[in-house]
Every structure is written in structure tokens, then in C-alpha cells.
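Working notes, structure below.
The values are calculated or read from the model by the stated rules, or taken from the named source; none is laboratory data. Just so we're clear, the structure is a prediction, and the values are computed from it rather than from any experiment. Cβ placement follows ideal geometry from the backbone for every residue including glycine, while neighbour counts extend to all protein chains displayed. Note: accessible area is taken over every heavy atom of the protein model, side chains too, but ligands, DNA and RNA are not part of it. Shrake-Rupley method; radii C 1.70, N 1.55, O 1.52, S 1.80 Å.
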Amino acid sequence: MMRCLKCGAVARTRTSVRLSERTQRNYHQCQNMLCGTCFTTLQEVEKILTDAKPTEGAELPRELFHPNHLGDDQMGLDF
Ligand SMILES: [Zn+2]
């Protein structure tokens, strides 16, 4: 959760754009109706702490998961 730099109110993330494998730009809007400041932030994966690998032969019921949760078939963010 980000806070507005002008008034300190909570800012809502409206959308994001993937810039690289590790970085995305987030677009925020202040929720204070008297302010409404819009700003961007950069979010980056700093470090991978675990290296979990699936057990050999293990299978997932792919139809039960949203494509974004499987790491493939990503939905595009282009308009
Ligand atoms: Zn504000």
C-alpha cells in the first residue's frame, strides 16, 4: 500500500505495466477526494529467497488455476 506524498492518504493502485522480468511500473491515485494526486512507483524483485522446484512427475490440475497463476499464458497489458 502506498501513501500520497502530498497529503498522506492511502493511494489506490489503478493499473501496472510490466517493464522487465523483475520490474513493473504501478500507477496510483490518491483516495483523498480533495487531493486526487496521481503518481507512479517502480516495483522490483530484489532477491529470490527460495528455489522451490516441483517434485518430478507431479502434475497440477491446470483447469483449476487462472492462467496468471501458472506462469504461462500471461494476459497482455497492451491496450
Ligand atoms: Zn493526496
Seminar exercise, completed: Going through the range 33-46 in order, the residues found to be part of a loop (DSSP other than H, G, I, E, B) and either touching a residue at least 40 places away in the same chain (Cβ under 8 Å) or under 9 Å from Ala11 (Cβ atoms) (or both) are Thr37
For this session: All but one of (1) on the phi < 0 side of the Ramachandran plot; (2) near the ligand (Cβ under 8 Å from one of its atoms) hold for Gly36, so report the exception by its number.
Result: (1)
For this session: Inspect all residues belonging to the range 57-79 and state whether any of them is among the aliphatic types (A, V, I, L, M) and modelled with pLDDT of 95 or more.
Result: no
Exercise. So, in the range 1-32, of the ones that are within 21 Å of Gly71 (Cβ to Cβ), assigned to a loop (DSSP other than H, G, I, E, B) and open to solvent by 90 Å² or more (accessible area, probe 1.4 Å), which residue ends up farthest from the ligand (Cβ to nearest atom)?
Worked result: Glu21
